[in-house]
Amino acid sequence: MNTRGNVTRWLMAAPWVVTLTLFWAYPLGHALALSFTRYDIFGGSWEWVGLANFRAVLQSGAFWTALWHTVLFTAGTVPVTTALALVLALALNQRIWGRALFRAGFFAPTLTATVVTSLVFIHLYSQQGYLYQLAGWLGFSVPPQSFLLSESTALLSVMLMDVWVSIGYYALLFLAGLQTIPRELVEDASLHGATGWQQFRAITWPYLRPTLLYALVINLIKSLQIFTEIFVMTQGGPVGSTTTSVYHVYTAAFERFDLGYASAAAYLLFVIIAIVSLIQFKLLAFGRGAEE
Amino acid sequence: MKSRHPHVSDRKWLLYLLIGSAIGGLIGGCSRSQSDKTPDGRTIIRLWQFWTEAKARAVIGKAAGDFETANPEYKVEITDLTWNDGHQKIVAAFAGGEAPDLLELGSDWIAEFADAQALMDLTSEYMQLRDTYAGWPASIYQDKCWALPWYLSTRVLYQNDELVSAIGDQPGHAPLTWDVLMGRAKKANQLQPKIFGYGVNAAEKHRLYKKFLPYLWSRGGSILTPDGSHCALNSPEGAAALQFVVDLSQYGLMEKQAQLDELFMENRLLYHISGDWLHERIKVSGSPVRYSAHLMPYPSVGEGGQISFAGGEYLTVPRRARQPLGAIKLARQLLNEKNIFNLCIATGCATPSHKTVAANPYFAEDSVRRVFVQQLEQSQAPPVHPRWVEIETELEWGVEQALYKKLTVSEALEQTCARIDKILAQPSKK
């Protein structure tokens with residue numbers, strides 16, 4: 001292509017390239033550089049410390065505790081959200097009365113700002129809150145204080161809220177996946193006497209697999225990066241029982257202003273998320289060829 | 001070859017123009033381009049402040065308007081901050097080389113910013129204003145004054161007088177000692193399952209320490225050694241104070257501040273340490289709760305003090321301020337008696353920094369506000385230390401560990417002191 005054509009192409013791509021460089025590549029590079037330094041935020045000066053920040057993170061009990069809480073959160077929310085969203089999508093894919101209304105209703109929590117939802121749930125989980133009262137009324141053992149202030153229920157409460165908020169979004173994804181299944185295939189299977197479970201295994205599941213993989217990866221990454229709910233609802237407490245990895249990074253960066261440590265912790269988290277996502281891709285992609 | 005469509009070439013240039021504008025806007029937006037002048041030539045003074053409530057904002061807006069009328073060469077631009085993330089925003093702004101001309105700071109942050117050489121020395125202003133305003137100790141760091149006290153704050157003991165009657169005591173009568181407080185809390189806790197003797201703050205940053213320090217100080221303990229080099233919490237006084245708070249929590253409920261305030265308004269909490277906002281909230285909500293406010297109790301008869309936590313909001317001038325003289329002029333305008341009291345009347349604040357507060361009928365004729373003014377006189381500010389925010393985090397960690405019985409009182413104090421000593425051993429942030 002001639003020079004003018006090249007210029008045109010570059011100009012067309014420029015807004016994206018500039019945005020990517022300024023707001024993505026530069027901060028990433030800057031954070032990586034910071035992770036090897038002791039940075040004075042007020043003076044702007046820095047001192048090269050090599051791998052000292054990474055060593056400090058790996059030797060910090062708080063980092064591993066936060067990571068453990070994150071793993072618990074992810075392990076507790078991702079499978080439950082995915083399973084419930086799938087069931088919901090299958091139900092909403094049927095010809096039922098008020099289907100559009102149900103779809104909109106289940107999706108509504110996703111449209112609400114997380115901060116708003118979190119504030120509402122702080123109240124619902126408190127002593128005076130509806131969920132606290134309901135749990136007591138149903139005979140569940142409730143802590144003397146709010147669910148969010150009890151060490152044994154705080155993380156679980158945040159997890160439950162996350163599941164409630166997320167189900168609608170993933171159900172919508174699955175619903176979109178279900179719409180791609182050719183109707184004649186399902187009708188043909190029915191005519192040949194296939195049961196609902198056989199249809200699900202032989203038709204729905206293979207067609208839904210790419211959507212499922214996408215949903216799992218997205219949900220996993222989102223869960224490993226859980227922050228807003230923790231920041232608003234518990235601030236990592238009580239006694240650190242809800243401190244997650246990103247919240248740990250946040251407190252290091254913006255409460256202690258230890259940007260070197262925070263950057264190193266953030267990069268380690270990035271590596272962990274990348275490895276887990278890769279494993280997930282491998283596991284879910286396995287056997288796809290045979291089915292196709 | 002000519003274009004088949006006569007306007008294609010024009011459109012292409014229009015596209016180039018749009019793309020160029022977008023890139024230019026993006027780069028321009030990222031660069032520092034704030035102007036110091038308005039189009040009509042007035043000098044802009046940037047004020048960053050935390051009063052976001054509509055009524056308070058209106059009073060500040062009016063004070064700024066009056067300032068502009070009296071000083072037509074200036075235009076005041078107000079930026080709102082929130083207590084949730086204001087500290088981070090200010091640090092980020094300083095780190096980015098950006099600073100307002102006049103900045104409101106919480107008392108806990110003054111030493112940190114002064115130590116980082118981010119603030120202007122206001123000692124000369126202090127010399128002129130020290131007899132008119134209270135609350136100076138929190139603004140003095142390394143023998144220099146870095147901030148002007150605007151609004152002060154303290155905590156008092158709120159008592160539900162209906163519940164006091166229910167347990168057979170006389171309403172309006174304060175618990176003068178810790179024993180009386182504990183006894184009443186225990187009795188109230190036994191009244192009904194949903195009535196609690198005492199409200200305990202937990203798992204809420206920047207609040208818990210304000211509820212523990214009154215007991216520590218009243219018992220004669222301190223957070224740091226007099227030279228500020230070591231933690232002094234692990235003392236008999238510290239242990240007695242923390243043990244009392246842990247024991248008292250058995251007869252109370254651990255909750256967040258907002259929920260405790262609500263429980264108090266619902267007649268479900270006998271005692272609750274809270275600030276002036278609760279008095280205002282009760283009035284505005286029309287809650288039927290019958291209550292009184294009291295000074296903190298003594299540890300025992302003839303022993304210790306009735307000391308509470310003192311904090312406040314201060315006006316500072318950043319070192320990088322572009323209009324320091326205008327900023328000081330504006331600070332004086334905001335600090336004048338009329339404006340300072342108007343803001344208090346609008347928001348229900350009970351402790352303005354102006355020393356005439358005790359004589360002002362708005363404060364003197366209200367029994368609860370009067371207690372706040374009295375309590376402030378017997379209150380103490382946390383150590384003016386550049387690493388206070390980190391020390392505070394560790395202090396809250398220790399109190400929480402003891403409250404949740406993760407550690408014994410002595411273990412909690414010992415480990416908290418070890419963590420605080422580690423912070424104190426670190427070099428200055430500057």
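Using DSSP loop states and a limit of at most 14 other Cβ atoms within 10 Å to flag GluC sites (Glu not before Pro), what is the longest stretch of chain B containing no flagged site?
Result, exposed sites excluded: B:99-364.
Could you give the length gained on full extension between B:Glu280 and B:Ala364, defined as 0.36 nm per residue of separation minus the Cα-Cα distance, in nm?
28.7 nm
Most exposed first by the Cβ proxy, i.e. fewest other Cβ within 10 Å, how do A:Met12, A:Met161, B:Met296, B:Met120 rank?
In increasing order of surrounding Cβ atoms, one gets A:Met12, B:Met120, A:Met161, B:Met296.
Taking neighbour Cβ counts within 10 Å as the exposure measure, how do A:Ile221, B:Ile60, B:Ile45 sort from fewest upward?
Fewest-to-most ranking of A:Ile221, B:Ile60, B:Ile45: A:Ile221, B:Ile60, B:Ile45.
What FRET efficiency, computed as 1/(1 + (r/R0)^6) with R0 = 41 Å and r the Cβ-Cβ distance, is obtained for B:Glu377 and A:Gln59, rounded to the nearest 0.05?
0.30
Quickly rank A:124-136, A:54-66 as a protection proxy: mean count of other C-beta atoms within 10 Å, highest first.
Result, highest mean Cβ count within 10 Å first: A:124-136, A:54-66.
Which residue fluctuates the most in chain B, going by a Gaussian network model with Cα springs under 10 Å, if the choices are B:His385, B:His272, B:His87?
B:His87
With n ≥ 4 as the cut-off for DSSP H runs, can you work out [θ] at 222 nm for chain A, using -39500 (n - 2.57) per run divided by the number of residues, rounded to the nearest 500?
Roughly -22500 deg cm²/dmol at 222 nm, from the helical runs in chain A.
Cα centroid distance between segment B:69-104 and segment A:124-157, in Å?
41
Roughly what % of DSSP beta bridges within chain B run antiparallel, to the nearest 5?
60
If you build a Gaussian network model of chain A, linking Cα atoms that sit under 10 Å apart, which residue out of A:Thr242, A:Thr21, A:Thr77 swings the most?
A:Thr21
Between A:Leu51 and A:Ala100, what FRET efficiency comes out of the Förster formula 1/(1 + (r/R0)^6) with R0 = 51 Å and r the beta carbon distance, rounded to 0.05?
0.35
Which values of log₁₀ I(q)/I(0), to two decimal places, follow from the Debye formula for segment B:114-153 at q = 0.21, 0.27 Å⁻¹ with a uniform point scatterer at every Cα?
For the requested q values the scattering log ratios are -0.60, -0.94.
For each pair in A:Lys222/B:Lys256; B:Lys186/B:Lys355; B:Lys329/B:Lys355; B:Lys211/B:Lys355, compute the distance between the two Cα atoms and list the pairs where it is over 31 Å.
Flagged as over cut-off: B:Lys186/B:Lys355.
Roughly how compact is segment A:1-109, stated as its Cα Rg over 2.2 N^0.38 Å to two decimals?
That works out to 1.88 for segment A:1-109.
When B:Lys211, B:Lys75 are ordered from fewest to most other Cβ atoms inside 10 Å of their Cβ, what list results?
In order of increasing Cβ crowding within 10 Å: B:Lys75, B:Lys211.
Need one number for segment B:38-77: average projected area of the convex hull over its C-alpha atoms, nm².
Mean projected area of the Cα convex hull: 2.8 nm².
As a test of understanding, state the convex hull volume per residue of segment B:130-187 from its alpha carbons, in Å³.
About 141 Å³ per residue, rounded to a whole number.
If a helix is a whole DSSP H run, which ones in chain A reach 20 Å or further along their own axis (Cα) and hold a mean Kyte-Doolittle hydropathy of at least 1.0?
Span-like helices in chain A: A:61-92, A:154-179, A:259-285.
Which distance in nm do the two modelled labels at B:Phe50 and B:Asp179 give, with both placed 7 Å along the Cα-to-Cβ direction?
3.9
Given just the C-alpha atoms of segment B:275-342, how large is their convex hull per residue in cubic angstrom?
172
As an exercise, take the mean of 1/r over every pair of distinct alpha carbons in segment A:154-283, invert it, and state the Kirkwood radius in angstroms.
17.6
Semi-axes of segment B:171-311's equivalent ellipsoid from the Cα gyration tensor, sqrt of 5 times each eigenvalue, largest first, rounded to whole Å?
Taking √(5λ) for each eigenvalue gives 26, 17, 14 Å, largest first.
If amide H atoms are built 1.01 Å from N in the plane of the peptide, which residues on other chains or at least 5 residues away come under 5 Å of the amide H of B:Cys145?
B:Leu122, B:Thr123
How many angstrom lie between the C-alpha centres of segment B:110-186 and segment A:194-265?
42
Within segment B:141-167, find all residues whose amide N lies under 20 Å from a label point positioned 7 Å from the Cα of B:Asp227 along Cα-to-beta-carbon.
Residues passing the 20 Å test: B:141-144.
At 37 °C and 0.692 mPa s, what whole-number value in µm²/s does Stokes-Einstein give for the translational diffusion of chain B, with Rh from the Kirkwood sum over Cα pairs?
138
Need one number: % antiparallel among DSSP beta bridges in the protein assembly as shown, to the nearest 5.
Of those bridges, close to 60 percent are antiparallel.
For A:Trp16 paired with B:Thr43, estimate the spin-label separation in nm (one decimal), with each label point 7 Å from Cα along the Cα-to-Cβ line.
Modelled inter-label distance: 4.9 nm.
For all pairs of alpha-carbon atoms in the protein assembly as shown, what percent lies in each bin of width 20 Å, listed from the first bin to the last filled one?
14, 41, 33, 11, 1, 0
In sequence order, what are the phi-derived ³J(HN,Hα) couplings for segment A:40-50 according to the Karplus relation 6.51 cos²θ - 1.76 cosθ + 1.60 with θ = phi - 60°, rounded to whole Hz, with x for glycine and proline?
Using θ = phi - 60°, the values come out as 8, 5, 7, x, x, 8, 9, 10, 5, 10, x Hz.
Could you tell me what fraction of 2.2 N^0.38 Å the Cα radius of gyration of segment A:87-177 comes to, as a two-decimal ratio?
Compared with the compact-globule rule of thumb, segment A:87-177 sits at 1.28.
Suppose we take every Cα in chain A and form the convex hull; what volume per residue is that in Å³?
Measuring per residue, one finds 225 Å³ for the Cα hull of chain A.
What average number of partner chain Cβ atoms lie no more than 10 Å from the Cβ of the residues making up B:391-403?
1
Per 5 Å bin, what percent of the C-alpha pairs of segment B:296-408 does each bin hold, from zero upward?
Spelled out per bin, shortest first, that is 2, 9, 13, 14, 15, 17, 13, 9, 5, 3, 1, 0.
Go through segment B:130-140 residue by residue and turn each phi into a ³J(HN,Hα) via Karplus (6.51, -1.76, 1.60, θ = phi - 60°); whole Hz please, and just put x for glycine and proline.
4, 7, 8, 10, 10, x, 5, x, 5, 9, 9
Under the definition of partner shielding as Cβ atoms of other protein chains within 10 Å of a residue Cβ, what is the mean value for peptide B:54-61?
Counting other chains' Cβ atoms within 10 Å and averaging over B:54-61 gives 0.
Read-outs: derived from the displayed coordinates by stated rules, not from any lab. Computed from a predicted model, the values in this text were never measured in an experiment. Backbone-built Cβ (ideal geometry, glycine too); neighbour counts: all protein chains shown.
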